[in-house]
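One structure is given here, and the rest of the page talks about it.
No value in this document is a laboratory result; all are computed from the given coordinates. Computed from a prediction, not measured in an experiment: that's the story for all the values here. For neighbour counting, all protein chains shown are included, and Cβ atoms are generated from backbone atoms with ideal geometry for every residue, glycine included.
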Amino acid sequence: MTNPIVERIIEANTDALTKSGNASSAAFHELAEAYQELATKNAKNLTAAIQALSAVKNPAEFIELQQRLIRDGVEAAVSDSQRIAHLTAAVFTAAFEPVKKQVEAMQKTART
């Protein structure tokens with residue numbers, strides 16, 4: 001016969017791992033979608049940049065356009081990397097929060 005306390009601990013641990021897995025799956029899906037959106041956006045931006053560069057009429061216009069494209073590209077890269085970093089942090093938080101709560105609950109129980 002199994003100890004009821006051990007059964008509750010096993011059940012709680014299993015529940016925490018299940019919640020962790022479900023949260024991880026959802027968060028990774030969101031992160032994958034963000035990467036896909038980013039790739040689509042970058043492909044569109046590259047196409048637009050090539051079209052714009054091919055339409056320039058003189059060297060001064062080319063230099064001006066090139067500088068704008070570089071500036072816009074850097075700003076977009078910074079913004080996109082911040083978004084991806086935030087989503088990545090959310091993935092790990094979602095994955096480990098249920099387990100963290102279970103460990104904290106077990107520690108609290110052990111103290112009493």
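Quick rundown of the values:
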| read-out | value |
| --- | --- |
| Answer from Ala39, Ala95 - the residue that is of a type in the set (A, V, I, L, M) and touching a residue at least 60 places away in the same chain (Cβ under 8 Å) | Ala95 |
| Some residue of the stretch 31-53 being exposed (fewer than 10 other Cβ atoms within 10 Å of the Cβ) and either aromatic (Phe, Trp, Tyr) or over 30 Å from Ala89 (Cβ atoms) (or both) | yes |
| Qualifying residue in the stretch 76-84 (condition: at negative phi, in contact with a Ser or Thr (Cβ under 7 Å, 6 or more places away or on another chain) and not hydroxyl-bearing (Ser, Thr, Tyr)) | no |
| Inter-residue pairs, beta-carbon under 6 Å, first closer than 18 Å to Ala77 by Cα and in contact (Cβ under 8 Å) with a residue 12 or more places away in the chain and in the stretch 42-58, second surrounded by 13 or more Cβ atoms within 10 Å (Cβ to Cβ) and aliphatic (A, V, I, L, M), 6+ apart | Ala49/Leu69 |
| Residue list for the stretch 31-58, restricted to those being of a type in the set (Lys, Arg) and assigned to a helix (DSSP H, G or I) | Lys41, Lys44 |
| Residues of the stretch 55-102 that turn out to be of a type in the set (Val, Ile, Thr), farther than 20 Å from Asn45 by Cβ and surrounded by 13 or more Cβ atoms within 10 Å (Cβ to Cβ), as a count | 3 |
